[in-house]
Amino acid sequence: MSIDTTKLIEEFKRIKNIGFIKNVKPNHHDGSAGNTFESCLGVKENNLKDPDFLGFEIKTKKKKSSSWISLFTLKPDNPENGDNYMRNNWGIVDEEYPQFKCFRTSLYAHRWSIVYNKCKMKISNSKENKRVGLVMADLNENIIDENVFWKYKSITAGVKKLKNTFIINYEIKEKKNIFYYKYINAIVYLDYIGDQKFLDLLDEGTIRYDNRLGVYRSGDKKGQLHNHGAGFRINPKNIDKLFNNKIVI
């Protein structure tokens, strides 16, 4: 076992023994359990493409949750301001804030998804052009738009953080509108299996693309646009397929 892995496990056990820890964020959201754990490690919040701690990418998952885990977020290479392009061209008017559009969907490479009952969409993986893109078609599958895509080299940069990954299960409780997290067990995943395997899993629908472009409903930013990290995700039961080895803690 490497020194870094040993240190990681020691730190997890230390934080586990604390019990419930107050959320470092003002509200509970998808990333707040991870932010709180990283705060205990002394890791400052960042959006860098490098791993979080000792060469490991840290991810948290609610106990017994089957929600898909975000592997990485990545803005499209084309067009410029691709997230805004998708919101404005593919989204629908928000019911509460009609001056804005929202675009929320999950897309797969192995099948079409019907989006807002107005079109069909899917992921395309072009080995010839070395890029992964999104395809929009009408309900009869006549292609309308293929402008959004990521180059393979950008996908490679995005998965760089996955070389070694640490997934932590947590419990959550609320008291007087404050959330607390207790970290109960974890798995250390080692030796990311490679970009070709990532693309194979994408092709078969094991990895999907999620977009979450909406409007804040509460808090200081209520009524403002948000982008909750559009990117590539995987069902937790399949994450073993991305790595050669693992250690269960």
Evaluated at 10 °C and 1.306 mPa s, the Stokes-Einstein D of the chain based on the Kirkwood radius over Cα pairs, in µm²/s, stands at 81
Accessible area of the chain belonging to carbon and sulfur atoms, whole % at 1.4 Å probe:
46
Between the DSSP loop rule and a limit of at most 16 other Cβ atoms within 10 Å, which chymotrypsin sites (Phe, Trp or Tyr not before Pro) in segment 105-138 are left?
Trp112, Tyr116
Leaving out ligands and nucleic acids, note down the accessible area per residue over segment 113-249 with a 1.4 angstrom probe, in whole Å².
50
Among Ala33, Gly133, Phe243, flag the residue with its Cα farthest along the positive direction of the charge dipole of the chain, charges on Cβ as +1 for Lys/Arg and -1 for Asp/Glu.
Ala33
Tell me, what HN-Hα J-couplings in whole Hz come from the Karplus equation 6.51 cos²θ - 1.76 cosθ + 1.60 at θ = phi - 60° for each residue of segment 127-135, using x for Gly and Pro?
5, 5, 8, 6, 7, 10, x, 10, 10
Other-chain or far-sequence residues with amide H under 5 Å of Arg104's (modelled H):
Leu213
Charges only on Cβ, +1 for Lys and Arg, -1 for Asp and Glu: so what's the dipole of segment 99-195 about the Cα centre, in debye to the nearest 20?
360
Using the crude model of +1 on Lys and Arg Cβ and -1 on Asp and Glu Cβ, and no other charge, please compute the dipole size for segment 120-249 relative to its Cα centre, in debye to 20.
640
Per GNM of the chain with C-alpha springs under 10 angstrom, the most fluctuating residue out of Asp220, Asp138, Asp203 is Asp220
Name the residues whose placed amide hydrogens come within less than 5 Å of the amide hydrogen of Asn147, ignoring near sequence neighbours (fewer than 5 apart) on the same chain.
none
Dipole moment magnitude, nearest 20 debye, the chain about Cα centre, only Lys, Arg, Asp, Glu C-beta charged
840
Compute the normalised compactness of segment 101-249: alpha-carbon radius of gyration over 2.2 N^0.38 Å, N being the residue count.
1.24
Can you list residues from other chains, or at least 5 along the same chain, whose modelled amide H is less than 5 Å from the amide H of Arg131?
Ser126, Tyr152
Farthest towards the positive end of the dipole of the chain, among Leu213, Gln196, Tyr181 and with Cβ unit charges of +1 on Lys and Arg and -1 on Asp and Glu, lies the Cα of Tyr181
Give me the accessible area per residue for segment 50-100, probe 1.4 Å, as a whole number in Å².
56
Under the Karplus curve 6.51 cos²θ - 1.76 cosθ + 1.60, θ = phi - 60°, whole-Hz ³J(HN,Hα) for segment 230-241, x wherever Gly or Pro sits
4, x, 9, 9, 9, 5, x, 5, 9, 5, 4, 5
Among rounded, prolate and oblate, which fits segment 44-181 when a ≥ b ≥ c are the square roots of the eigenvalues of its C-alpha gyration tensor, a/c under 1.5 means rounded, and a/b larger than b/c means prolate?
oblate
Name the residue from Leu225, Phe166, Ser70 whose Cα lies farthest towards the positive end of the charge dipole of the chain, charges +1 on Cβ of Lys and Arg and -1 on Cβ of Asp and Glu.
Phe166
How large is ³J(HN,Hα) for each residue in segment 15-26, as worked out from phi by the Karplus curve 6.51 cos²θ - 1.76 cosθ + 1.60 (θ = phi - 60°), to whole Hz, x for Gly and Pro?
6, 4, 5, 5, x, 5, 10, 5, 4, 7, 9, x
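The values are calculated or read from the model by the stated rules, or taken from the named source; none is laboratory data. Note that the structure is a prediction, hence the values are computed from the model and not measured. Neighbour counts run over all protein chains shown; Cβ positions are idealised from the backbone, glycine included. Heads up: the accessible areas ignore ligands, DNA and RNA and are worked out on the full protein's heavy atoms, side chains in. Shrake-Rupley method; radii C 1.70, N 1.55, O 1.52, S 1.80 Å.
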